[in-house]
1. Could you check what % of the DSSP bridge pairs in the chain are antiparallel, to the nearest 5?
2. Stretched out fully, how many nm does the piece from ASN300 to ILE135 gain, at 0.36 nm a residue minus the Cα gap?
3. Could you please report the charge total around ALA74, scoring K, R as +1 and D, E as -1 over all other residues with beta-carbon less than 13 angstrom from its beta-carbon?
4. Treating only the Cβ of Lys, Arg, Asp and Glu as charged (+1, +1, -1, -1), what charge dipole size does the range 88-149 show about its Cα centre? Round to the nearest 20 debye.
5. Fully extended, how many nm does the chain gain between GLU179 and HIS282 (0.36 nm per residue separation, minus their Cα-Cα distance)?
6. Fully extended, how many nm does the chain gain between ALA50 and ARG256 (0.36 nm per residue separation, minus their Cα-Cα distance)?
7. Which order do peptides 146-159, 163-176 fall in by mean Cβ count within 10 Å, highest first?
8. With unit charges on the beta carbon (Lys/Arg positive, Asp/Glu negative), name the residue among MET257, ALA289, ALA337 whose Cα is farthest towards the positive pole of the charge dipole of the range 256-339.
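The values are calculated or read from the model by the stated rules, or taken from the named source; none is laboratory data. What you are looking at is a predicted structure, and each value in this text was computed from that prediction instead of being measured. Using ideal geometry, Cβ is built from the backbone for each residue, glycine included, and neighbour counts are taken over all protein chains shown. Side chains are part of the model used for accessible areas, which takes the heavy atoms of the whole protein and leaves out ligands, DNA and RNA. Shrake-Rupley method; radii C 1.70, N 1.55, O 1.52, S 1.80 Å.
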Amino acid sequence: MTTTQEIRVAVNGYGVIGKRVADAVAMQPDMVLAGVCDVAADWRPRMAEAKGYALYGAGPGHVSAMRAAGLDVAGTLEDLLTRADIVVDCTPKKVAAANVEAYRRRGIRFIVQGGEKHAVTGHSFVAEASFAGAIGRDSTRVVSCNTTSIVRTLTALKRAGLLVRARGTLLRRATDPWESHLGGIMNTLVPEREIPSHQGPDAQSVDPSLDVVTMAVKVPQTLAHLHYWSVEMTRAATRDEVLAAFGASSRIALIRMDDGLDALNAQTNAVKEMMADLGRPHDNLYEVALWQDMLSVQGNELFYAYMVDNQAIVIPETIDAIRAMTGLAADAAASMALTDTALRIGHLARR
Ligand SMILES: NC(=O)c1ccc[n+]([C@@H]2O[C@H](COP(=O)([O-])OP(=O)(O)OC[C@H]3O[C@@H](n4cnc5c(N)ncnc54)[C@H](O)[C@@H]3O)[C@@H](O)[C@H]2O)c1
């Protein structure tokens with residue numbers, strides 16, 4: 001395949017991640033959205049129809065139910081796969097793993113999301129760390145939101161020659177905003193039972209050289225995750241050196257508390273408001289938003305905190321994974337430049 005050829009992308013599962021992936025694919029100059037597939041027959045697939053996306057049902061029963069609900073359905077998942085070069089599976093945890101056999105049988109390239117285990121594809125993807133390993137592969141897994149943020153930030157420190165080991169505490173959002181009526185927690189905090197929590201080992205599935213341990217607690221809010229990190233560096237370094245290391249990645253946005261993001265309960269929602277003001281789809285914060293004025297260095301010890309928009313951070317990585325697997329870009333930098341331009345990443349105010 002050449003860079004002049006448009007890649008046809010199918011999205012299976014039009015939920016929180018799938019609808020964002022579909023929008024992002026539609027914004028790329030070198031990809032076309034072949035269609036989206038789901039099992040729901042309510043307002044959600046109607047939104048795909050309203051955007052002009054070709055709509056498919058997982059099986060014949062879903063197609064019938066969707067048509068009965070008045071939806072214009074082009075066919076089944078099987079039909080969609082005949083019209084695509086690659087499928088991004090954004091169905092819920094474990095459903096995607098069950099779809100893999102059908103993708104393999106058909107010989108179509110596929111991407112699964114972070115709810116699936118590394119073993120489902122044998123490769124885990126974060127653009128700045130494992131793009132090269134995904135080139136020409138028939139499958140990969142874009143890791144979870146938290147893991148993506150960990151690999152992005154630690155890779156930046158590693159590239160600057162500063163990283164020895166990292167220990168992080170994750171405050172995890174309780175549920176996705178649109179599902180707040182279905183679950184989530186109130187007036188409590190729920191510590192994860194095990195240390196390390198799964199995100200540290202998951203980061204090592206992308207880069208086995210990372211010395212990283214994570215601990216996690218679920219908190220009663222929905223907008224984003226908040227991470228606090230303590231890092232041992234290879235040497236005493238200045239704040240400016242560390243900020244330059246983080247700033248070298250377009251996928252890390254250096255935000256400031258003294259830029260109005262300074263009230264504890266307002267931090268994450270204020271950053272999302274910035275995304276809305278930028279006109280981003282779904283108010284997506286694709287970057288790791290790291291507070292530069294909170295970042296602190298004591299000799300060779302580094303401390304910092306950042307916010308992760310769990311619904312958005314994996315979207316640019318998914319686009320880069322498509323390019324790696326289909327040969328649309330030779331390396332991570334080339335793909336990321338295209339993705340960043342299309343999604344307008346890198347426009348956050350920095351000082
Ligand atoms: N929500 C997040 O913050 C987040 C962040 C990163 C990664 N992920 C991962 O992304 C994946 C998808 O998660 P999500 O939050 O978007 O889930 P979701 O529940 O919001 O969306 C899943 C969609 O798939 C549809 N679906 C269910 N069964 C299907 C089937 N058999 N065929 C086709 N469609 C089917 C559902 O109707 C729904 O629209 C999971 O692996 C998850 O772990 C989620």
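1. The answer is about 40 percent antiparallel.
2. 55.8 nm
3. -3
4. 220 debye
5. Here the answer is 35.6 nm.
6. 70.4 nm
7. In descending order of packing, they fall as 146-159, 163-176.
8. ALA337
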